[in-house]
Amino acid sequence: MLINDFYNFEHSYNRAFDVLCFHNAVRQVLEYYGVDKAIFFINSALNIVINDADSDFPDFKLGLSDNATVLPSHCHKVNCYNINDFKDFESLYEDNKRRVHSGTPIITAVDTFYLNYSINYQKSHNLHANIFCGYDENSDRIDIVDWFSPWFFKGQITYDEFTLARKSNNPSGEGLFAGYPTNCKFIEIQSGDWNADIDSLLYETIELTLQKNNAPKRGVSGLKHVLNIIKENSGLDNNKKNAFLKGLFNKFYIIKNGLDFSQLYFQLSYDELKLPVLKDTINCLENIKNHLLVLSPLILKTSYTNSAQMYEKTINRVSQLIQEFENFIESIVSLKEAL
């Protein structure tokens, strides 16, 4: 059983999705369904969430809402499930096969450590998303589309490989997205009724961005909290400080790539609506990205040199980054007024 139309569909890719595998998978399913300008339905609201349960190693990320969600006004068309919704994995898998048999491609959460087409195979754990679109009962093979950089895979994997990848605890480690259990999560997307004006979707994105930014330990206030932790950690011993800085590097790397997607969203909005104020927002995001291009190697160099002077430069650069984020929020407020 293979959903031939989906498997043979001419899937596209944009580098703005380089760390956003779930969002990329959602877009590909929507485009397969024939949704016009599918990207505008995906939730691109900037949402930096700070979680510092261990104050020495704050866990912060650019969370574009829950992975694989669309804008709230269309969330009822996206159904997410995990192992807790089923008796066991076998019953979950039988459910997935029934959905695929009915012609519905299923987005599945996997750990790339177990996928032999991945560059991380047997090297590092990472939460990822691929699309289950076929199976062969006789050969016990699974048909997968994983149109994501750098592997751009369409083909078959074994049932055992698929099962290991889906049931993985995805332990913490060197991977950017290690430490997030897959929980056998899968996502089904409704095929019809994806209709909305682009200006209304953009307005919803703006509202959501401002809402997220105003929450405690989120957005600008969250970055200020991280800055305070960076200052406090200047006195850590070298080993702890190095581990902290390397974690910091990974988080800011993810933020930079997440901003690529937001910038693409606003650029496409400008192409459609031609609102001059959108250019200000796009330029603000470009300024943030330019700061991050300097900040990331600076953090890495600081971790290698253990230089107090370099550490102080890192603090100053994060302070400048926060100012650029404040400028971005101001531009979003102006954009909301223009709409």
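The values are calculated or read from the model by the stated rules, or taken from the named source; none is laboratory data. Source: prediction; values computed, not measured. Note that we place each Cβ from the backbone using ideal geometry, even for glycine, and neighbour counts take in every protein chain shown.
Odds and ends about this structure:
- When Ser269 is tested against (1) within 16 Å of Phe325 (Cα to Cα); (2) more than 19 Å from the chain's Cα centre (by Cα); (3) not acidic (Asp, Glu), only condition (1) is not met.
- Lys301 more than 26 Å from Asn14 (Cα to Cα) and surrounded by fewer than 20 Cβ atoms within 10 Å (Cβ to Cβ): yes
- Note on the stretch 228-246: residues that are part of a helix (DSSP H, G or I) and surrounded by fewer than 17 Cβ atoms within 10 Å (Cβ to Cβ) amount to 11.
- When the stretch 23-49 is filtered for residues that are of a type in the set (Asp, Glu) and within 22 Å of Asp146 (Cβ to Cβ), only Glu31 remains.
- Single condition Pro216 does not satisfy, out of (1) at pLDDT below 85; (2) within 26 Å of Ser334 (Cβ to Cβ); (3) crowded, with 16+ Cβ neighbours inside 10 Å: (3)
- The condition (being farther than 23 Å from Ala178 by Cα, in contact (Cβ under 8 Å) with a residue 60 or more places away in the chain, in contact with a helix residue (DSSP H, G or I) (Cβ under 9 Å, 6 or more places away or on another chain) and among the hydrophobic types (A, V, I, L, M, F, W, C)) is satisfied by just one residue among Val277, Val294: Val277.
- Subset of the stretch 170-222 [of a type in the set (D, E, K, R) and more than 17 Å from the chain's Cα centre (by Cα)]: Glu174, Glu188, Asp193, Asp197, Asp199, Glu204, Glu207, Lys217
- Among the strands (runs of 3 or more DSSP E) confined to the stretch 141-227, the ones with at least 1 residues that are closer than 17 Å to Val26 by Cβ are located at 141-146, 186-189.
- Residue in the stretch 246-263 that is in contact with an Asp or Glu (Cβ under 8 Å, 6 or more places away or on another chain), of a type in the set (A, V, I, L, M, F, W, C) and more than 24 Å from Ile42 (Cα to Cα) present: no
- Remark: pairs (first residue in the stretch 220-235, more than 18 Å from Gln309 (Cβ to Cβ); second residue of a type in the set (Gly, Ala, Ser); Cβ separation under 6 Å; 6+ apart in sequence or on different chains) are absent.
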